[in-house]
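Bear in mind that the values in this text are calculations on the coordinates, not laboratory data. Only a predicted model underlies this, so the values are computations on that prediction, with no experimental measurement involved. Please note: Cβ atoms are built from the backbone with ideal geometry, for glycine as well, and neighbour counts cover all protein chains shown.
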Amino acid sequence: MQANTLSGGFADPATQSAHAFRSVMEAMARPGTIQDIEGAAPPAPLSPAMGAVLLTLCDTETPIYLAGDMDCEAARAWLAFHTGAHFVGPAHCMFAVGKWDALAPLAVYPIGTSEYPDRSTTLIVECSELAAGATLTGPGIKDQATLSLPEVEAFQVNPTLFPLGLDFIFTCGERLAALPRSTKVS
Amino acid sequence: MTEYNFAYLDEQTKRMIRRAILKGLAIPGYQVPFASREMPMPYGWGTGGVQVSAAVLTPKDTFKVIDQGADDTTNAVSIRTFFQRTAGVATTTATSDATVIQTRHRIPEEPLHEGQILVYQVPIPEPLRFLEPRESETRKMHSLEEYGLMHVKLYEDISRHGHIATSYAYPVKVEGRYVTDPSPIPKFDNPKLGDMAAIQLFGAGREQRIYALPPYTQVVSLDFQDHPFEASKADHPCGMCGATDSYLDELIIDDAGGRMFVCSDTDYCEARQAAGHKGKDAA
């Protein structure tokens, strides 16, 4: 076991996760806004923002899928120690973690059922940048917003499934943004 | 504060509630099931709202609680004190100073701004429950978008009373998809639900449901072309501050049938009185 497996969690979990959650919630409630999030120092390839989101939302009840490079011993050991979450394949995960290319294809993730659309995966996507980009409209957005997306087409298909669909959190360094299934992209 | 975890609830419970809140925001108007906990107050006293508030509060927040508009009723005072003691947050009665406002059955008169969160206490989150008691059926009705029964109910109001007599918990449709119960707010408040700058979160403790309206969400009160929705209030000015645009409570003040009308939003009324506005019953 690496020494950094045990370090890098929240020093004061109750208040740090409260602040981190508010960042995640503001991002999800206002798609296109970029929020600061801090408090976690996970081992690479997890970014600080990715680590903070996972510490805030994951525990023994949330199966995680680690995609591509993220599926490494350092990430597995750190998440297992700090969250207790177990690791599964994409078809059964509640949270999927990875870079955009590694997370494809999106068709394998649960999108919920018509009676329980909340039983769907939230994908946490590690991005190289968060900036202005594609035009967003929908709930949470006054007039319109803009956000850099790894591609456009997949995010145009996703809202057509509403109320089913996938929700996305984009992390980069110590910042994050989000794109719920209700947001239309053009 | 060392006797309790910050904001009373344990961290695993807060994570579960937080996940439900995020799904609620992603699917506006859909009721997300959650594992409601026992709180140190009875069901019906706002346990759903309290759990949602506990999951969103940070130590930096300023917290306000209103019960039917008032900051000084038992329910409001006890919940405000609860979070003062268990979360150590600052509290206020001024709507504009608060970052998190927990409410029972009202939306403040003063427009809310970005950065604020409005947490509703919800007794029965299912708008179809009094029309169809079986959860298995109402869930199917929501999944099939089968809301004809709700229109029949409103139509029966018209055939019996000549107008839509539903005056509170007036059903709304969110983003053209889910019919949602706005909690028992007077229908006077319904127009404020849509296009609001603040985040609106709804918690039903006994019924174990959380739902949400992100800011600037489209919320439409159900109606008919020939009987359009009307946000109604008592046709009087406030007796204390003279406001003509606020929702009023009717108070019986003697045994001879004397009565007066006052703002239900105490902060709004007090601020107006402090600014020199005076109604006909003001001392």
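Please work out the Cα center distance from the range B:131-207 to the range B:1-68, rounded to the nearest Å.
Cα centres, the range B:131-207 to the range B:1-68: 23 Å.
Any idea how far the Cα center of the range A:1-54 sits from the one of the range A:69-83, in Å?
15 Å
At R0 = 35 Å, how high is the FRET efficiency between residue B:62 and residue B:38 if r is their beta carbon distance? Nearest 0.05 is fine.
Working: r = 28 Å, r/R0 = 0.79.
Plugging the Cβ-Cβ distance into 1/(1 + (r/R0)^6) gives 0.80.
How much FRET efficiency would the formula 1/(1 + (r/R0)^6) give for residue B:145 and residue A:38, where r is the Cβ-Cβ distance and R0 is 41 Å, rounded to 0.05?
Numbers: r = 42 Å, r/R0 = 1.02.
Computed FRET efficiency for residue B:145 and residue A:38 comes out at 0.45.
So for A:25, B:196, fewest C-beta neighbours within 10 Å to most, what's the order? Can you show the working numbers first?
Numbers: A:25 24, B:196 21.
By the 10 Å Cβ count, ascending: B:196, A:25.
Which residues' amide hydrogens lie under 5 Å from the amide hydrogen of residue A:33, considering only partners 5 or more residues apart or on another chain, with H built in the peptide plane?
A:178
Taking N as the number of residues in chain B, what is its alpha-carbon radius of gyration divided by 2.2 N^0.38 Å? Don't skip to the end; give the middle numbers.
On the way: Rg = 19.2 Å, N = 283, 2.2 N^0.38 = 18.8 Å.
For chain B, the normalised Cα radius of gyration comes out at 1.02.
For chain B, what's the relative contact order in percent, using C-alpha pairs closer than 8 Å and at least 6 residues apart? Write out the running numbers ahead of the final one.
Numbers: 580 pairs, mean separation 59.0, N = 283.
Computed over chain B, the figure is 21 percent.
What is the helix-to-structure angle for A:13-29, meaning the angle in degrees between its Cα long axis and the longest Cα principal axis of chain A, kept from 0 to 90 and rounded to the nearest 10?
That works out to roughly 20 degrees.
Considering the alpha-carbon set of the protein assembly as shown alone, what are its Rg and its Dmax in angstrom?
Just the Cα atoms of the protein assembly as shown yield Rg and Dmax of 23.1, 81 Å.
Amide H neighbours of residue A:134 under 5 Å, counting only residues 5+ apart in sequence or on other chains, H built in-plane at 1.01 Å?
Here A:147, A:148, A:149 satisfy the definition.
Quick one: helix A:48-57 against the long Cα principal axis of chain A, what's the angle to the nearest 10°, folded into 0 to 90?
Approximately 90 degrees, to the nearest ten.
Only loop residues by DSSP count here, and only those with at most 13 other Cβ atoms within 10 Å; note down the trypsin sites (Lys or Arg not before Pro) in the range A:72-159 that meet that. Each step should come with its number before you reach the end.
Values: sites: A:76, A:99, A:119, A:142; in loops: A:119, A:142.
Taking the range A:72-159 and a limit of 13 other Cβ atoms within 10 Å, the loop trypsin sites (Lys or Arg not before Pro) found are A:142.
Over the range B:105-150, consider all pairs of different Cα atoms and compute the Kirkwood hydrodynamic radius from their mean reciprocal separation; express it in Å, one decimal.
Values: mean 1/r = 0.0757 Å⁻¹.
Over the range B:105-150, the inverse of the mean reciprocal pair distance is 13.2 Å.
With θ set to phi - 60°, apply the Karplus curve 6.51 cos²θ - 1.76 cosθ + 1.60 along the range B:140-153 and write out the HN-Hα couplings as whole Hz, x wherever there is a Gly or Pro.
5, 4, 5, 5, 8, 6, 9, 10, x, 4, 5, 5, 4, 4
If each DSSP helix of 4+ residues adds -39,500 (n - 2.57) and the sum is divided by the residues in chain A, what number results at 222 nm, nearest 500 deg cm²/dmol? Mind dumping the intermediate values first?
Details: 6 runs with 51 residues, N = 186.
-7500 deg cm²/dmol, from helical runs alone.
Quick one: net charge around residue A:172, please, counting Lys, Arg +1 and Asp, Glu -1 for every other residue with C-beta under 12 Å from its C-beta. Present the calculation step by step, with values, prior to reporting the outcome.
Numbers: positive: A:99, A:175; negative: A:36, A:126, A:129, A:174.
Net of charged neighbours comes to -2.
Just to be sure I understand the model, the point goes 7 Å from the Cα along the line to the Cβ. What's the resulting residue B:226 to residue B:255 distance in nm?
With each label placed 7 Å out from Cα toward Cβ, I get 5.0 nm.
Once R0 is set to 41 Å, what does the formula 1/(1 + (r/R0)^6) return for the Cβ-Cβ distance between residue B:234 and residue A:135, expressed as a FRET efficiency to the nearest 0.05? Spell out each step's value before the answer.
Numbers: r = 45 Å, r/R0 = 1.10.
It comes to 0.35.
Using only DSSP helix segments of four residues or longer, with each worth -39500 (n - 2.57), what per-residue ellipticity at 222 nm results for chain B after dividing by its residue count and rounding to 500?
Working: 7 runs with 77 residues, N = 283.
The helix-only estimate for chain B comes to -8000 deg cm²/dmol at 222 nm.
Select from B:88, B:44, B:257 the residue whose mean-square fluctuation is largest in a Gaussian network model of chain B (Cα-Cα springs shorter than 10 Å).
Comparing B:88, B:44, B:257 in a Gaussian network model of chain B, the most mobile one is B:257.
Taking neighbour counts of Cβ atoms within 10 Å as a proxy for exposure, in what order, fewest first, do B:247, B:268, B:216 appear? Don't skip to the answer; put the middle values down first.
On the way: B:247 24, B:268 21, B:216 18.
With the fewest neighbours first, B:247, B:268, B:216 line up as B:216, B:268, B:247.
Output wanted: per-residue J couplings in Hz (rounded whole) for the range A:155-166, from phi through Karplus 6.51 cos²θ - 1.76 cosθ + 1.60, θ = phi - 60°, x for Gly and Pro.
Here the 3J(HN,Hα) series is 7, 8, 6, 3, x, 6, 7, 3, x, 7, x, 9 Hz.
Over chain A, what is the percentage of antiparallel beta bridges among all DSSP beta bridges, to the nearest 5? Numbers along the way, then the final one.
Working: 13 of 27 bridges.
The antiparallel proportion sits near 50 percent.
Write out the GluC sites (Glu not before Pro) in the range B:187-281 meeting two conditions: DSSP loop, and at most 14 other Cβ atoms within 10 Å of their Cβ. Show your work: numbers first, answer last.
Details: sites: B:207, B:230, B:250, B:270; in loops: B:207, B:230.
Here the sparse-neighbourhood loop sites are B:230.
When Lys and Arg each count +1 and Asp and Glu each count -1, what net charge do the other residues less than 10 Å away from residue B:204, Cβ to Cβ, add up to?
On the way: positive: B:206, B:209; negative: B:126, B:181, B:207.
Net local charge, residue B:204 excluded: -1.
How many percent of Cα pairs in the range A:71-154 exceed 23 Å? The partial results should precede the final answer.
Values: 1343 of 3486 pairs.
In whole percent, the long-distance tail amounts to 39.
Whole-Hz ³J(HN,Hα) for each residue in the range B:27-38, computed from phi via Karplus 6.51 cos²θ - 1.76 cosθ + 1.60 with θ = phi - 60°, x for glycine and proline: what do you get?
10, x, x, 7, 8, 8, x, 9, 8, 4, 9, 5
What percent do you get for the relative contact order of chain A when only Cα pairs under 8 Å and 6+ apart count?
Relative contact order for chain A comes out at 24 percent.
Relative contact order, percent, of the range B:128-226 when contacts are C-alpha pairs under 8 Å separated by at least 6 residues?
On the way: 118 pairs, mean separation 22.1, N = 99.
Reported relative contact order: 22 percent.
May I ask you to sort B:56, B:50 by Cβ crowding, counting other Cβ atoms within 10 Å and putting the fewest first? Present the calculation step by step, with values, prior to reporting the outcome.
Details: B:56 23, B:50 28.
Ordered by Cβ neighbours within 10 Å, fewest first: B:56, B:50.
Using the alpha carbon gyration tensor of the range A:1-153, what are the three equivalent-ellipsoid semi-axes (square root of 5 times each eigenvalue), largest first, in whole Å? Don't jump to the answer; show the numbers that get you there.
Working: eigenvalues 124, 73, 49 Å².
The three semi-axes for the range A:1-153 are 25, 19, 16 Å.
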